[in-house]
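Here is the structure we will look at.
Computed from the coordinates by the stated procedures, all read-outs in this text should not be read as laboratory data. Small disclaimer: the values here were computed from a predicted structure and weren't measured. Cβ atoms come from the backbone with ideal geometry, glycine included; neighbour counts cover every protein chain shown.
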Amino acid sequence: MQTAKQLSVSLVNKPGRLADMLAALSKGKVNFLALTVMDSGERGTVRFVPDDFQVAIAVLEKINIRYEAADVLLVEVPCQPSGFRRIFEKLAAEHLNIDYAYCSLNAGGKLKGSVSAIIKVNDLAKAQRTLSENGTARKKSPFRRPVLAR
């Protein structure tokens, strides 16, 4: 698990706006560790983790696109049914709120067939400590789910 700088931009929801921004970032040789695009009606929100934060900012400023920066967690998640659940249970057990999460294919990760989860939480330092305890995020969580009566 590591932290990274994420950029968020709001674009007018018109054909070509996203492609233009991505072309400018490509011309600036910015690569993406993760990318998500969400529709918000007349505007769309693009969140991405660039491989070079400073270059990405310079490109966005050059093409006059406003951005917001945030620190996020990058957590390697094994591709198995309990992968995400264990991470989110550990965060919940420590009363950490997840503002949002998305994932990216993890071509360079240590775990074969894993993904990288990009997680924005309300307390980054506490989340890091929580997920680092007992080694990795893949360890069993102390959080217990309630038993539902049938």
Open item on the list: Show me, for the range 80-96, the HN-Hα J-couplings you get by feeding each phi into the Karplus relation (A = 6.51, B = -1.76, C = 1.60, θ = phi - 60°), rounded to Hz, glycine and proline as x.
Closed with: 8, x, 9, x, 5, 4, 4, 5, 5, 5, 5, 5, 5, 4, 9, 6, 8
- [ ] Holding the Cα-Cα limit at 23 Å, pick out from Lys90/Lys126; Lys27/Lys62; Lys29/Lys126; Lys62/Lys120; Lys14/Lys120 the pairs that are longer than that.
- [x] Lys29/Lys126; Lys62/Lys120; Lys14/Lys120
TODO: Return the distance in nm (one decimal) between the two label points of a simple spin-label model at His95 and Lys126, each offset 7 Å from Cα along Cα→Cβ.
DONE: 0.7 nm
Task: Difference of contour (0.36 nm per residue) and Cα-Cα distance, Leu18 to Thr45 - done: 8.7 nm
TODO: Using Cα pairs closer than 8 Å and at least 6 residues apart in sequence, work out the relative contact order for the range 71-132, in percent.
DONE: 47 percent
Task: Under Karplus coefficients 6.51, -1.76 and 1.60, residue-wise ³J(HN,Hα) of the range 48-54 in Hz, glycine/proline x - done: 8, 10, x, 6, 10, 4, 5
Open item on the list: Using the Karplus curve 6.51 cos²θ - 1.76 cosθ + 1.60 with θ = phi - 60°, what ³J(HN,Hα) values do you get for each residue of the range 11-20, in whole Hz, with x for Gly and Pro?
Closed with: 10, 4, 7, 10, x, x, 5, 5, 4, 5
TODO: For Tyr100, enumerate residues with amide H under 5 Å from its amide H, sequence gap 5+ or separate chain, H modeled in the peptide plane.
DONE: Lys120
Task: Interchain or long-range residues, amide H under 5 Å from Asp123's placed H - done: Asn97
TODO: Quick one: which residues, 5+ away or cross-chain, put their amide H under 5 Å from the amide H of Val115? H built at 1.01 Å from N.
DONE: Val77, Cys79
Task: Potential lengthening between Ser82 and Ser10 on full extension [0.36 nm per residue; Cα-Cα distance subtracted] - done: 22.6 nm
